[in-house]
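Enquirer: Okay, handing you the structure first.
What follows draws every value from the coordinates through simple rules; no lab data is involved. It should be emphasised that the depicted structure is a prediction, and the values quoted were computed from it without experimental measurement. All Cβ positions, even for glycine, are placed from backbone atoms using ideal geometry, and neighbour counts span all protein chains on display.
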Amino acid sequence: MSEKTVAVVGVGPGNGAAFARRFAEAGHPIALCSRSTDFGDELAATLAPPAKAYACDVTDDAAIRATFAAIPGDLGEVGTLLYNAGSGSFTDPDETTPEQLEQAWRINVRGLFVATQAVLPAMRAAGGGSIVVTGATASLRGGVKTTAFAQAKAAQRSLAQSLAKHLGPEKIHVSLLIVDGMVDLPRTRAAMPKAPDDFFLNPADVATTAYALATQPTSAWTFEAVVRPFGERW
């Protein structure tokens, strides 16, 4: 993979920031995309080579297109897209509203679709690229409290499969990184103060797998990889 720009969509203090750091270490300019630039600006200042934060609401098609139209002039053409946006409500079917159901789908599915369309022209012109989607175990099974989230993640997984099959012949590798476990963050530590260290997923380790997916040789591509601590039930 050449030192083309890497766009991280959904940048927070966990996996998003770790993805940015890992690819910056490999020499890539980094576009940090999130609803607000507050955290992204702070993170960008710590990265080398160049990095820039962009305010990008993934539920707004026009905002996604505007962001990806601006990135090439600032940092260069996007060669890797890391789609890490994936929030949703965690309520049961009685509590979940149709609006929550749709919002989860817009963040996880429609946003991925629009962002992918935005980066395809440059990837095709370059003769290849990589799109890594952060998935979740909820894509494989619905739970009582994942009414909105699970349906969106399942649809995201199916969309990623369709993209992978369609874009593979053009040497654009689409992969799904399923995160199964509790990500190690101050708020998750505070919520589970008695949990041992090996209960948590280290974001830097998740980023190592994301980087491996993005740099795989074409003869041995992975579509779906699952990362979890050894103690996680599955």
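Enquirer: From the convex hull of the Cα coordinates of the range 5-227, what is the mean projected area in square nanometres?
Expert: Details: hull surface 48.5 nm².
Over all viewing directions, the range 5-227 projects a mean Cα-hull area of 12.1 nm².
Enquirer: Could you go through the range 175-191 in sequence order and give the Karplus-derived ³J(HN,Hα) for each residue, using 6.51 cos²θ - 1.76 cosθ + 1.60 with θ = phi - 60°, rounded to whole Hz, and x for Gly and Pro?
Expert: Coupling constants for the range 175-191: 9, 10, 9, 7, 9, 10, x, 8, 6, 6, 9, x, 6, 6, 5, 5, 6 Hz.
Enquirer: Shifting gears a bit: Starting from the 7 Å offset along Cα-to-Cβ, what nm value, one decimal, do you get for the label separation of T218 and T188?
Expert: Once both label points are built, they end up 3.6 nm from each other.
Enquirer: Oh, and also: With +1 on the Cβ of every Lys and Arg and -1 on the Cβ of every Asp and Glu, and nothing else charged, how large is the dipole of the chain about its Cα centre, in debye rounded to the nearest 20?
Expert: 440 debye
Enquirer: Please order V226, V144, V119 by the number of other Cβ within 10 Å, starting at the fewest. Don't jump to the answer; show the numbers that get you there.
Expert: Details: V226 16, V144 10, V119 23.
Arranged by neighbour count, lowest to highest, V226, V144, V119 become V144, V226, V119.
Enquirer: Angle check, please: helix 61-75 long axis (alpha carbons) against the longest principal axis of the chain (alpha carbons), in degrees 0 to 90, nearest 10.
Expert: 50 degrees
Enquirer: Take V11, V174 and order them by how many other Cβ atoms sit within 10 Å, fewest up front.
Expert: Values: V11 30, V174 26.
Neighbour counts put them in this order, fewest first: V174, V11.
Enquirer: Please give every one of the lysines within straight-line cross-link reach of K153, meaning a C-alpha to C-alpha distance under 18 Å, and leave out same-chain neighbours fewer than 8 residues apart.
Expert: Filter leaves K145.
Enquirer: Next up: Could you identify which residue out of M182, M192, M123 has the top mean-square fluctuation in a GNM of the chain using Cα springs shorter than 10 Å?
Expert: Maximum fluctuation in the GNM of the chain, among the listed residues, is at M192.
Enquirer: Among I107, I131, what is the fewest-to-most ranking by other Cβ atoms within 10 Å?
Expert: Values: I107 21, I131 27.
Result, fewest neighbours first: I107, I131.
Enquirer: Can you list the residues, at least 5 places off or on another chain, whose amide H is less than 5 Å from the amide H of A51, using H built in the peptide plane?
Expert: Amide H neighbours of A51: I30.
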